[in-house]
Amino acid sequence: MSGIDAALLAFMVAVLLLLCLRPVAFAVELVDRPGGRKAHIGVVPVIGGLCMWLAAGFVLPLVSPEIPKLASFLIGSGLLVLVGSIDDRFDLPPQVRLIAQACAGLVLCLGAGLTATNLGNLLFLGDIPLGPFGLPFTVLVAIAVINAFNMLDGMDGLAGGVSLASLLVLTVTLVLFGQPGAFGLAAVMAAVVAAFLVFNFPIPFNRPVRTFMGDAGSTMLGFAVIWLGLQMSQGPGAVISPVATLYIAALPIFDLFISFGRRLSKGQSPLQADRNHFHHILRRSGFSEREIVVLMSGSALIVGALGVIMDRLGAAEPLMLILLVLMGAAQYRLQNRAWRAARRIRRLRERLSALMQSPHRRA
């Protein structure tokens, strides 16, 4: 089965599962109820992650001859889905989730052999080898990326939209520059995320079947992105540099490190949730949920594509890293001055709105 056929089948299977497992979610109380920081309306099933994983697990073996280490991918992602689903139901301690993420990282390295061996030519001195530090470095990066995508899951459509943008960049890159086996995996994962968004994107018609992905879904998607990123940037079959893969997950990674730094500077646990993420700032600035999802998903798509294009055109990796750091610094400045940034963005929106309406008033 081709990657495109597998993606279409995965989309249909995921939609069917999301519809069929809704009664089961209510029966076992795998639901999210409003209250506290949760401001949504009504009781919402949290089965998105489970359904995406089941759909991918059903379809991927049909293209398994083209997908290296499929069993390791399903085991690693399945562990995250299992622990995430239990956490969605019973609220596990953060330490348990971190242990599960570390185990998934070990499956990535030891089971699939996807270990970072070098960081690329970041200093104009040639590739920087990691040697014996490759395994612990890869596990730490996997934990960071998994948590980065998990932190995006605070608004309808956001984690799914940004994940879909990253997976689309990965899929197109694989189509254009090789690795047909990895293309099948990327295409199937993009398809199941697209199916989930049918039930989660903030539009009126899907409210009766609204569904959340939960920690099970967001951590699984982070795992898929780091898996594909390593497969594309490491070893003799690499098609992009390691720094280019950072562009593909830039927005979630920026948000993760900025949030961790802010909480540590206040003497808080880095895992303690708050409402100062980038999407919260945009919400306070007057953007609707739909506008935020489109804006951030579009930005993730553009930044990811920019990284791949620069890399394929031969841009110097140190210069790519400098540009990436400057982007992160700009986002840090916004998030570090959350309320001030929100006021300024709101004023800018009001001025732009006034400029757009002024010709109509003269007419």
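The values are calculated or read from the model by the stated rules, or taken from the named source; none is laboratory data. This is a predicted model, so every value here is computed, not measured. When we count neighbours, we look across all protein chains shown, and the Cβ atoms used for this are built from the backbone with ideal geometry, even at glycine. With ligands, DNA and RNA removed, areas are computed over all heavy atoms of the protein, side chains included. Shrake-Rupley method; radii C 1.70, N 1.55, O 1.52, S 1.80 Å.
Annotations
- You will find that of LEU228, LEU246, LEU221, the residue that is touching a helix residue (DSSP H, G or I) at 6+ places or on another chain (Cβ under 8 Å), within 27 Å of ALA104 (Cα to Cα) and open to solvent by 30 Å² or more (accessible area, probe 1.4 Å) is LEU246 and no other.
- Within segment 148-157, the set of residues being in a helix (DSSP H, G or I) and crowded, with 24+ Cβ neighbours inside 10 Å comprises ALA148, PHE149, ASN150.
- Consider segment 122-147 and keep the residues that are touching a residue at least 60 places away in the same chain (Cβ under 8 Å) and outside any loop (DSSP other than H, G, I, E, B). The one that is surrounded by the most Cβ atoms within 10 Å (Cβ to Cβ) is ILE146.
- Scanning segment 57-99 for residues that are of a type in the set (Gly, Ala, Ser) and touching a Gly at 6+ places or on another chain (Cβ under 8 Å) yields GLY57, ALA71, SER72, GLY76, GLY78, GLY84, SER85.
- Condition met for LEU251 (buried (at least 24 other Cβ atoms within 10 Å of the Cβ) and in contact (Cβ under 8 Å) with a residue 12 or more places away in the chain): yes
- Taking the listed residues PHE183, PHE196, the one that is open to solvent by 20 Å² or more (accessible area, probe 1.4 Å), in a helix (DSSP H, G or I) and aromatic (Phe, Trp, Tyr) is PHE183, with no other qualifying.
- Filtering segment 161-177 to residues that are over 11 Å from MET189 (Cα atoms) and open to solvent by less than 30 Å² (accessible area, probe 1.4 Å) leaves GLY161, VAL162, ALA165, VAL169, THR173, LEU174.
- Scanning segment 103-113 for residues that are open to solvent by 30 Å² or more (accessible area, probe 1.4 Å) and within 22 Å of ASN150 (Cα to Cα) turns up CYS103, LEU106, VAL107.
- Unique match (being at pLDDT 90 or above, in contact with an Asp or Glu (Cβ under 9 Å, 6 or more places away or on another chain) and open to solvent by less than 60 Å² (accessible area, probe 1.4 Å)) among VAL44, VAL59, VAL15: VAL44
- Selection within segment 190-239 - under 19 Å from LEU70 (Cα atoms) and of a type in the set (Val, Ile, Thr): VAL192, VAL193, THR219, VAL225, ILE226
- Listed by first and then second residue, the pairs linking a residue in segment 88-117 that is under 14 Å from THR219 (Cα atoms) and in a helix (DSSP H, G or I) to a residue that is open to solvent by less than 50 Å² (accessible area, probe 1.4 Å) and of a type in the set (D, E, K, R), with Cβ atoms under 7 Å apart and 6 or more places separating them unless they lie on different chains, are ASP88/ASP215; ARG97/ASP87.
- Residue match in segment 309-322 (condition: open to solvent by 60 Å² or more (accessible area, probe 1.4 Å), at pLDDT 75 or above, under 25 Å from ASN200 (Cβ atoms) and part of a helix (DSSP H, G or I)): no
- Filter pass, ALA224 being over 15 Å from the mean Cα position of the chain (by Cα), under 22 Å from GLY113 (Cβ atoms), part of a helix (DSSP H, G or I) and of a type in the set (A, V, I, L, M, F, W, C): no
- Scope segment 103-122; condition over 23 Å from GLU317 (Cβ atoms) and either out of contact with any Leu (no Cβ under 9 Å at 6 or more places or on another chain) or of a type in the set (Val, Ile, Thr) (or both); matching residues: VAL107, GLY111, GLY113
- Selected residue (only one of MET213, MET296 is closer than 29 Å to ARG346 by Cβ and buried (at least 20 other Cβ atoms within 10 Å of the Cβ)): MET296
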